[in-house]
Structure formats: C-alpha cells, structure tokens
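Notes follow once the structure below has been shown.
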Amino acid sequence: MGAAVAIVDLDRQFGIPGIASVVEGNGGLPKVRVTSSQASGEMYLHGGHVTSWKPTGADEVLFVSSRSRWEDGHAIRGGVPVCFPWFGNKRDDPKAPAHGFVRTKAWQLASIVQAGDTVTVSMFTESGQNTKTWWPADFRLVHRATFGSDLSLELVLTNTGTTALRFEEALHAYLRMGQIEKVRVRGLDGVHYLDKTDQNRDKTQQGKVVITSETDRIYLNTSDAVEIEDPVSHRRTLVAKENSCTTVVWNPWVQKARSMSDLADDDWRQMICIETSNVADFAVNIERGGRHSMKATVRVAGF
Ligand code: TA6
C-alpha cells in the first residue's frame with residue numbers, strides 16, 4: 001500500500017473532523033495533527049514522536065530543528081524523542097543506536113480520543129525480530145499524548161514476555177527558549193547529578209541551574225517538578241512528572257551544536273532539553289506480565 005493511501009486510510013479510521021486528522025508530514029511521514037479550543041499539536045508515527053504543542057494564546061513550546069532529518073533510521077531532532085530501552089550509548093554494544101531503537105522506527109496509531117477540550121493520541125510499538133537483534137525482550141510500548149492547556153505525556157511499558165526486564169526510558173523533551181544564557185532552571189537545588197561533560201563525576205546542584213557551557217547532567221533520585229524561567233520569551237515552563245526518578249538537563253552549547261549536522265549552528269541558544277526519565281542506577285525492573293507507566297506534564301505561564 002502506498003504511503004499516501006495508508007495516510008488516507010488512517011485518517012478515515014481515526015480522524016475526528018475539525019479536531020484531529022492524519023496527514024502527510026515532513027519527509028512524507030504520517031503525522032496526527034490536533035486542533036482543539038485549548039491547543040494545537042502534532043505527533044508523528046515515526047518514533048511515536050510529539051513534535052508540536054501550542055496552547056491557545058501562547059507560542060509553540062517545543063523546539064524542532066530546521067535541519068532535522070525525517071526518515072526511517074534517523075531520530076527527529078527536537079520535539080520529544082522517546083528513548084527506550086536504553087539511554088545514551090548501549091553499554092555492551094557501541095554499534096547500537098544511541099537512546100535505543102524505538103525513536104527511529106515507525107509506530108502504529110492505536111486511537112485518537114477527544115474528551116471535552118483535550119485530545120489524546122495513543123501510539124504503540126512492539127517487540128519483533130527487528131528489535132531482538134538489539135534486545136531479546138518481548139514488550140509493548142505505548143506513548144499517550146494529551147494535547148490541552150497542558151501537554152501530558154505517558155509512556156507505558158508492558159512486559160509481554162516470560163522473564164523479568166530491566167530498561168531505561170526518557171521523554172527527551174526539547175523546549176524552545178528565547179536565549180539560553182538568560183535561562184534559569186529551578187527545582188534541582190541540592191540534588192546529586194552525574195556530569196557527563198566531566199567524566200560522569202557525581203556533583204551536587206547549588207541553587208538554580210544556569211547554562212554557561214555544554215551542559216549534560218543526569219539528576220538522580222528526584223521526583224520533583226522543574227520550572228524553566230525564560231525572561232527573553234517572558235515565559236515560565238513547568239515540567240512535572242510521575243514515576244520518574246531522574247531528570248536529564250542538556251544543552252549542546254557552541255561546539256557540540258556545530259558538530260551536529262541536524263542542528264543549525266545557533267540553534268543551541270533557542271533550546272534546552274528537560275528529560276523526564278528513569279536511567280542509570282534508576283533503570284526500571286519489571287516482572288513478567290508487569291506494566292510500568294511514566295508521566296510528564298508540561299505547562300507554560302507568563303513571566
Ligand atoms: O540527553 C542528553 C544526551 O544524552 C546528550 O549526551 C546528547 O547526546 C543528546 O542526548 C542528544 O543525543 P542524540 O542521540 O539525539 O544526538
């Protein structure tokens with residue numbers, strides 16, 4: 001079946017006239033486009049990847065690189081990549097794709113549900129021969145995005161196999177910022193973090209997080225919400241979470257941005273990644289038949 005026909009069929013099956021439609025997105029990839037009274041949003045079947053959330057009356061909240069690639073085998077640069085079943089490089093296989101294998105493959109659309117002024121899009125991906133080359137587990141992973149005055153993201157893993165599983169996960173959210181040098185991140189004061197720019201040394205956050213160079217930190221054993229103050233955009237962005245013990249904060253700064261072909265040289269100034277996650281020593285253990293849900297909720301306010 002041609003891609004265009006498949007998109008028409010998906011829209012016929014799942015679309016809600018005037019509220020949600022399945023359309024051709026960048027690179028010809030299918031995406032769900034949501035427009036409700038409270039917000040507009042987009043979610044690609046590629047990677048189960050949310051790429052846009054714009055509350056009514058506010059500017060776009062998510063950053064997407066103008067140089068992103070939109071093709072199988074490559075992650076979209078920006079939005080909210082889903083990292084699973086490992087975070088970063090796979091420790092026992094340097095050739096494995098960074099951040100796992102689900103953000104670079106086509107997912108399936110499960111449902112689009114309108115509830116009042118919100119719209120929830122559910123997509124899923126499952127284990128198969130193509131995943132077992134990297135990870136022998138049997139699983140079903142659902143990404144449920146609710147577009148409303150908040151953006152709610154839920155990642156639900158079901159262990160459909162006969163053995164226990166251990167996995168890492170992250171909702172690797174790229175948030176748009178006016179000017180990163182003036183941004184401050186509250187909510188991590190006193191929290192231990194692994195500094196990936198300093199040989200993973202264990203450090204303790206003093207006060208607000210300020211970005212003055214490449215920043216790549218895994219904050220440990222924290223379930224607290226964080227608030228990003230963005231004075232240039234006159235905006236505060238709150239990222240709250242459930243069932244997440246780690247928060248990753250990343251900005252590539254100048255040199256790393258220049259080394260990334262899918263990021264424009266100055267893009268680093270307009271973005272910060274706040275990643276709701278369970279990684280490193282806080283990876284998730286799940287028994288056979290078990291289910292694990294991790295949630296992130298994003299909200300914006302004036303500043
Ligand atoms: O979440 C931070 C991080 O692990 C950084 O080390 C950087 O690699 C970033 O993710 C982007 O990774 P990607 O594989 O998407 O280029």
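Quick look at the values:
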item	result
Simple Cβ-charge dipole of the stretch 208-265, Lys/Arg +1 and Asp/Glu -1, about Cα centre, in debye nearest 20	60
Overall form of the stretch 1-92 per C-alpha gyration tensor (a/c, 1.5; a/b vs b/c)	oblate
Which of ALA98, ALA110, GLY128, positive extreme of dipole for the stretch 97-149 (C-beta unit charges)	ALA98
Alpha carbon centroid spacing (whole Å) that separates the stretch 207-249 from the stretch 137-155	20
Charged-residue dipole, Cβ positions (Lys, Arg, Asp, Glu), the stretch 172-303 about Cα centre, Debye nearest 20	320
Within straight-line cross-link reach of LYS295, aspartates and glutamates at Cα separation under 15 Å, skipping those fewer than 8 residues along the same chain	ASP150, GLU154, GLU168, GLU169, ASP224, GLU242, GLU275
Electrostatic dipole magnitude of the stretch 2-302 [Cβ: Lys, Arg +1; Asp, Glu -1; Cα centre; debye, to 20]	100
Fewest-first sequence of ASP92, ASP230, ASP262, ASP72 by Cβ atoms within 10 Å of each Cβ	ASP92, ASP72, ASP262, ASP230
Convex hull projection area averaged over all views, the stretch 145-245, Cα basis, nm²	8.3
Under 16 Å from the PHE303 label point (7 Å along Cα→beta-carbon), backbone N, the stretch 250-266	250-251
Value of [θ]222 nm, deg cm²/dmol, for the chain, DSSP H segments ≥ 4, -39500 (n - 2.57) each, nearest 500	-2000 deg cm²/dmol
Distance between the stretch 66-136 and the stretch 282-299 - C-alpha centres, whole angstrom	16
Mean Cα-pair separation over length for the stretch 159-214, i.e. relative contact order, pairs under 8 Å, 6 or more apart, %	31
Whole-number D in µm²/s for the stretch 187-303 (Stokes-Einstein; Kirkwood sum over Cα pairs; 37 °C, 0.692 mPa s)	212
Fewest-first sequence of ARG291, ARG12, ARG69 by Cβ atoms within 10 Å of each Cβ	ARG12, ARG291, ARG69
ILE180, ILE218 arranged by Cβ crowding within 10 Å, fewest neighbours leading	ILE180, ILE218
Per-selection Kirkwood Rh - the stretch 30-174 (Cα, Å, 1 d.p.)	15.7
Compactness relative to 2.2 N^0.38 Å, alpha carbon Rg of the stretch 259-303	1.81
Label-reachable residues, the stretch 173-203, where backbone N falls under 11 Å from a point 7 Å from GLU214's Cα toward its Cβ	196-199
Net lengthening on full extension, ARG67/VAL254 (0.36 nm per residue, minus Cα-Cα)	65.7 nm
Whole-number percent relative contact order across the stretch 248-302, with pairs defined as alpha carbons under 8 Å at least 6 apart	31
Radius of gyration and maximum dimension Dmax of the chain, Cα, Å	18.5, 56
Average Cα contact separation per residue, the stretch 2-302, under 8 Å, 6 or more apart, as relative contact order %	17
Amide H contacts under 5 Å for VAL64, placed H, 5+ residues apart	GLY79
DSSP bridge pairs, the stretch 7-125: antiparallel proportion in percent, nearest 5	95
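FYI, it's all coordinate maths here, none of it is from the lab. The model shown is predicted, which means the values in this text are computed figures rather than measured ones. With ideal geometry, Cβ positions are generated from the backbone for all residues, glycine too; neighbour counts draw on all protein chains shown.
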